[in-house]
Amino acid sequence: MTDFDRESMLEMFIFEMTQLIDQLEATIVQSESEYNMDQINEIFRVMHTIKGSSAMMMFDNIASVAHSIEDLFYYLREENPQGLDFKRLSDHVLSGADFVKEELAKLQGGEKPNGDGTELALAIDKFLHQIKGEESETSAPVGTGKSADTKPQNIGTTGENMHKYKAKIFFQDGCEMENIRAYTLVHNMQNFAADIVHVPADVIDESTIPLIRNEGFTVEFSSPRDYTFVYNHLGATVYLRELSLEDLSAPEDATIDAAPEIVNTETGDIHNIDVDIPMPEEPTIEEEHTMETPTLVETFAPSSPAEAAASAEAAQKKAGSASHMISVNVNKLDALLNLMGELVISEAMVTQNSELEGLQLESFNKETRQLRKIISNLQQTVMQMRMVPLSATFFRMHRIVRDMCRQLDKDVQLDIVGEETEVDKNIIEHIADPIMHIIRNSIDHGVELPAERKERGKAAKARVLLEAKNAGGDVLIIIKDDGRGINTQKVLAKAKANGLTSKPDAEYTDREIQQFIFLPGFSTNDQVTAFSGRGVGMDVVSSNLEIVGGTALVDSVPGEGTTFTLKIPLTLTIQEGMSVLVAGAQYTIPIANIIKSFKARPEDLFTDPSGNEMITNRGEIYNIVRLHDFFNIDGAVTDVCEGTLIQLENGEHVVCMLVDELIGQQQAVVKPMPKYFKKVRGLSGCTLLGNGDISLIIDVAGFFDK
Amino acid sequence: MAAIQNFFEEKQLDDTIKDQYLTFAIEDEDYGVEIAYVKEIIKMQSITKVPDMPNFIEGITNLRGDLIGVLDVRKRFGKPFKEHDEETCIIVINYGDYTLGMIVDAVQETAIIPEERIAPPPSAKLSYANQFVRNIGKVGEDVKLLLDVERFLAQD
């Protein structure tokens, strides 16, 4: 295996494992009190895949932990014992999941996964023995034979109940390294099979790959296990596309038992078996089950074209959504998006070219409108491709809540609403941490112990609501608990002690005080707990949100709970904007923030005693912000009535902004300010105009925190 | 900072550009900047002002689709404003993570100044502009003030 192969395999491995572990955690946490059969099957499958993949990558420690959990669930699946201690079971599985996560983190950091999983595996094995002992002393030992290193029991060539099997396996197209997969398969079979003969024989040799790909991998072996067991075991192979298993010692024909040996000695070619065995057609087909993997292929040929079509359709249906998905490297999507941005700019450069000015171009204009339509559709599609639902991020929080409740002896129910809301992939990465910190904070600081809650007349089980919803061009993420709320006195005292206050205490509103908690190094928790109290966390919230142009708000009612609202933009990259002119320079204002624009009439204007300009419009009074004053720009229109007012909103706040004139609506490809520039309040980035000039993009929120 | 250090060391090792300086004029003085930093020279083009910046930061400009910051060397040195003319150029430099343009009165030449012809400046920093000079190099009889790029870019 070359380094390159291994590198990309490793990347796939980490990706796959992370997904599996997430899936696993979600399953466990959802159903902690009691597992139903589906969930047991699900966990078994996940563990089996983890075991297989990590054994293939030769991460034996991960494989052995996964193996013991797999054994455990195999037993549960087969025996369905009653009265299990599900809490302990969950603990075991989750600690296994944690172990895998740790190892994955090492891999990601370029280290070797060298954690020792032996103890964990032993603990799980012990747990399995306990269940077996308690629940079914009399039942026969079941399981895939302890683990790879224990001696296979009861496997010999001449056992009474020995069955001879012949299996033919096809791997999925494009799964790569078929020979190694075959090797792993054979290796795993040693637990229950003996006399294993396979074609091609030397699977370590990479030159056998095309053969396995085209002709399939044929294994013959004898095993004391029954058909279903063997079939299920082989069927769980990773990247399996097709499996056919024949019981060569099937009672229909007693002579078959001897057949393989004869063939073996005579020709030495196992391939001939197919022809030599006088096996009737029909039973074979009945015996041949086909695995229902997502890319299902029927093993028998349909007799008519109509049937063929029908079965293809059925296969398509069974394939479900899984086969319609591909995973794409985010870098490729980023590259596509950049190209998209350049396309938008160069379209503007062509259609708004100064050389076209004053020309009568009827057909040209028609065609450019069509072009614009296509480009904007394309753009929407590209943006859509990058949108990911928040569900994975949200469901991960179940685990955090569970762990914290266990350790802090609190009882919290996490309700998730609106997890299907989609957000740009890049943004999701930045908000997972803030959400986690807020939830930790809510449970650690906000939610009271059950006894205390009862005293206060609240339900013993606290509720934390995690909600996402769309609001214009933004997504709101709301985290609401029904705990004790923020103690403003304590926060203010602490802020004062840290020198964060800038005016007399009495002048601070509760809302202002609450915002202090987002400052770096701020924590009111007197004791540092495992979860919070070090003062890091909440400042991660604000700094991470700043990166994606979002904001955090906190609103708390003492005794009733705290609500955190994170406002994040849907996407970072292309915005619909209104171009405005101030002193000859263009600025772009996000359309989402604009309510309307209008010309002021002198009689509507007035100034309050402290010099703030205001305007009445349709019975409402608004503050006027002069963009040129805000940015200290010389040479702009200073007469409010001569310029244009744009009514802007940010949340519940509204102002009217004075600009020289409006230019028009356009697509703004948002580019960050060059690195050298510090963050400027009121600016979120810049965009290239059709003529190659640069327009600064106004961050409307910046005008409201003054 | 490590990135800058590496970048610097790497370029130092590169013999083909060792000892080479791009020289430019500000008022009557000649300055030099290590050629390793120089990406290209472009003629004066439209620059968009950015509010709330130190006065020597002229704004941002579009370099074939990339947005780069532009600094005015005259303003940085505290020299009086001079109308831009035919000779006014923007030297585009790469420094660490930054790509930046420097507006200069005129670009002169690439000069080879071997180490032995380079001396530290007099210890007393006589003028404001002097603090951006790391060394003084000699080309024939001419004196070139070699720019301390890090100091030059510092925004405090």
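A compact table of results
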item: Selected residue (only one of A:VAL655, A:VAL625, A:VAL670 is touching a strand residue (DSSP E or B) at 6+ places or on another chain (Cβ under 7 Å), more than 30 Å from B:GLN45 (Cα to Cα) and within 14 Å of chain B (Cβ to nearest Cβ)); result: A:VAL625
item: Check on A:LEU361, surrounded by 10 or more Cβ atoms within 10 Å (Cβ to Cβ), at pLDDT 80 or above and over 28 Å from B:LEU63 (Cα atoms); result: yes
item: Residue tally, condition within 12 Å of B:GLY59 (Cβ to Cβ) and more than 7 Å from chain B (Cβ to nearest Cβ), over region A:684-694; result: 0
item: Single residue of region A:431-467 satisfying the filter (among the small types (Gly, Ala, Ser) and without any contact (Cβ under 8 Å) to a residue 24 or more places away in the chain) that is farthest from A:HIS398 (Cα to Cα); result: A:GLY457
item: Failed condition for A:VAL659, given (1) farther than 22 Å from A:PHE598 by Cβ; (2) among the β-branched types (Val, Ile, Thr); (3) touching a helix residue (DSSP H, G or I) at 6+ places or on another chain (Cβ under 9 Å); result: (1)
item: Region B:27-76, subset polar (S, T, N, Q) and open to solvent by 10 Å² or more (accessible area, probe 1.4 Å), residue farthest from B:LYS138 (Cα to Cα); result: B:THR48
item: Where A:VAL700 falls short, out of the listed (1) under 17 Å from A:GLN575 (Cβ atoms); (2) within 10 Å of another protein chain (Cβ to nearest Cβ); result: (2)
item: Tabulated pairs, region A:488-500, first under 24 Å from A:GLY561 (Cα atoms) and open to solvent by 80 Å² or more (accessible area, probe 1.4 Å), second part of a loop (DSSP other than H, G, I, E, B) and among the hydroxyl-bearing types (Ser, Thr, Tyr), C-beta under 8 angstrom, 6+ apart or interchain; result: A:LYS490/A:THR524
item: Selected residue (criterion: surrounded by the most Cβ atoms within 10 Å (Cβ to Cβ)) from residues of region B:136-156 that are within 14 Å of chain A (Cβ to nearest Cβ) and not β-branched (Val, Ile, Thr); result: B:PHE152
item: Meets criteria (touching a residue at least 24 places away in the same chain (Cβ under 8 Å), surrounded by fewer than 17 Cβ atoms within 10 Å (Cβ to Cβ) and either outside any helix (DSSP H, G or I) or among the β-branched types (Val, Ile, Thr) (or both)) for A:ILE62; result: no
item: Residue satisfying all of: in region B:77-121; closer than 29 Å to A:MET673 by Cβ, of a type in the set (Gly, Ala, Ser) and open to solvent by 20 Å² or more (accessible area, probe 1.4 Å); farthest from the other protein chains (Cβ to nearest Cβ) among these; result: B:GLY78
item: Test: residue in region A:345-352 that is open to solvent by 70 Å² or more (accessible area, probe 1.4 Å), touching a Gly at 6+ places or on another chain (Cβ under 6 Å) and away from chain B (no Cβ under 14 Å); result: yes
item: Selection within region A:32-58 - closer than 21 Å to A:THR184 by Cα, free of Cβ contacts under 8 Å to residues at least 60 places away in the same chain and either open to solvent by 40 Å² or more (accessible area, probe 1.4 Å) or small (Gly, Ala, Ser) (or both); result: A:SER54, A:MET58
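The values are calculated or read from the model by the stated rules, or taken from the named source; none is laboratory data. Being a predicted model, the structure only gives us computed values, none of them experimental. Glycine gets a Cβ as well: all are built from the backbone with ideal geometry, and neighbour counts include every protein chain shown. The area values use the complete protein model at the heavy-atom level, side chains included, leaving out ligands, DNA and RNA. Shrake-Rupley method; radii C 1.70, N 1.55, O 1.52, S 1.80 Å.
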